[in-house]
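Notes to accompany the following structure.
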Amino acid sequence: MNYVRDVVEKAGCLLKEINLQHDFGHDATMMLVVDGEVRPREVAVQIKSGVSYISRTTCRLPATASHIHFWAEHDLVTLGVVYDPAENLAWWIDLQTAARQFRVANTKVGATFNFEKRLWNRFDQSDFSSILVPTLLGEAPNVSLERLSTWVMDADIETHDLGVRTIRSRYYREAAAWDCLIKAFKSRPANQLTLNLPIALAKLLGHDDIGYYSNEIPNDIRASAIAEVLTFDVDEIAKLISMLPDDEDFQRPSVSYSLMPLFGQSSESARVLSAIRDSDKFAPSVRQVARGLFEWCQRDPIRWRFWRRDSGKIL
């Protein structure tokens, strides 16, 4: 409790400890304060401490069925904080979300919530202000682009996705941000990517349904990033197809439709799609989608040209 209080109060926020005789699933609540302004957001905290709750890479937080029901149904978001006295560090988990997800398949039973020590869930003074408070307020973490780039390339898929979303939100005006996202898409296998990355690239190219970056990005930076995306060839487009939700068509407002600027981006699209269709290097499901896109390209060339981004048509 003393460690948590120290972190919270040094960040300018307020911590209210709950009397032990009234403690049922919440040890304290905290009021968020940003730049001296109290925000209308209160968050509950459940704290565990000691070596029995910690390993080198993970934390564990046991809960009864009653606790899980309490956290899932409570009006306040509940954070679980596990403190390691040996390291004088703590890590956090969103217990409300974890409890709700657990109850989808499990009712009236207890559980131990195991969670990893990730690059973004450390409960300390620096990350409390720059990561946790913005997250609780529904805002993007306020961390450096250099640090986010390590998140994007991390093996943990949740860390990767948070890095992508934060870069897309905070740093889309910078060339290094697009270099990072494009490099990640090209170098990582499909199962180590989330759809938030190609959606960012589709917005870069321009899409009326999901928004687009136009005058928000300096022209030279946007033009350079677009030129790099336009070099995507057979392997990149096949990877993108493999990431699409199963059995989803290309009608609006589907994810697949949102990514159409990437499929129809250039005069080379028909060649790329036919190459994927005809290659046994790719899974049958990927080849089938490529076949359907190729047939659309041939059947309706006027509509298909709407997605061209190599002919000066950049939204």
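Miscellaneous remarks
- Sparsely packed loop sites in the stretch 20-126 (the GluC sites (Glu not before Pro) outside DSSP H, G, I, E and B with at most 10 other Cβ atoms within 10 Å) comprise E87.
- Nearby aspartates and glutamates by direct alpha-carbon distance to K108 (threshold 14 angstrom, same-chain neighbours under 8 apart not counted): E73
- Nearest-10 value in Å² for the accessible area of T231, using the 1.4 Å probe: 80 Å²
- Listed by chain and number, the aspartates and glutamates whose alpha-carbon sits under 16 Å from that of K186, ignoring those within fewer than 8 places in the same chain, are D154, D161, E228, D233, D235, E236.
- Where M243, M30, M1 fall by accessible area, highest first, once all protein chains stay in place (1.4 Å): M1, M243, M30
- Rounded to the nearest 10 Å², the accessible area of D220 at probe 1.4 Å: 110 Å²
- Between T107 and R60, the C-beta separation translates, for a Förster distance of 22 Å, into a calculated FRET efficiency of about 0.55.
- Near-label residues of the stretch 188-202 by backbone N, under 17 Å of a point 7 Å along Cα→Cβ of S242: 188-198
- Helix-only [θ]222 nm of the chain, DSSP H runs n ≥ 4, -39500 (n - 2.57) each, per residue, nearest 500: -12000 deg cm²/dmol
- A Cβ-based charge dipole, computed about the Cα centre of the chain with Lys and Arg at +1 and Asp and Glu at -1, lands at about 600 debye.
- Of all lysines in the structure, the ones whose alpha carbon falls short of 27 Å from that of K10, not counting any fewer than 8 places away in one chain, are K48, K117.
- If a spin label sat at a point 7 angstrom from the Cα of Q288 along the line to its beta carbon, the backbone N atoms of the stretch 251-276 nearer than 17 Å would be those of 251, 256, 276.
- Between R147 and E116, full extension at 0.36 nm per residue minus the direct alpha carbon distance yields a gain of 9.3 nm.
- Value of D in µm² per second that Stokes-Einstein yields for the chain, Kirkwood Rh from Cα pairs, at 10 °C (1.306 mPa s): 72 µm²/s
- For the chain, share of DSSP beta bridges that run antiparallel, in % to the nearest 5: 80 percent
- Here the label points at R303 and L89, each 7 Å from Cα along the C-beta direction, are separated by 5.4 nm in the simple model.
- Surface calculation, 1.4 Å probe, protein heavy atoms: S149 sits at approximately 30 Å² accessible.
- Estimated inter-spin distance, A175 and T29, nm [label 7 Å along Cα→Cβ]: 5.1 nm
- Shown here for the stretch 223-315: GluC sites (Glu not before Pro) in loop regions (DSSP other than H, G, I, E, B) with at most 14 other Cβ atoms within 10 Å, namely E248.
The values are calculated or read from the model by the stated rules, or taken from the named source; none is laboratory data. Since the structure is predicted, the reported quantities are computational estimates derived from the model, not experimental observations. Cβ: placed from backbone, ideal geometry, glycine included. Neighbour counts: every protein chain shown. Side chains included, ligands, DNA and RNA excluded: accessible areas come from the protein's heavy atoms. Shrake-Rupley method; radii C 1.70, N 1.55, O 1.52, S 1.80 Å.
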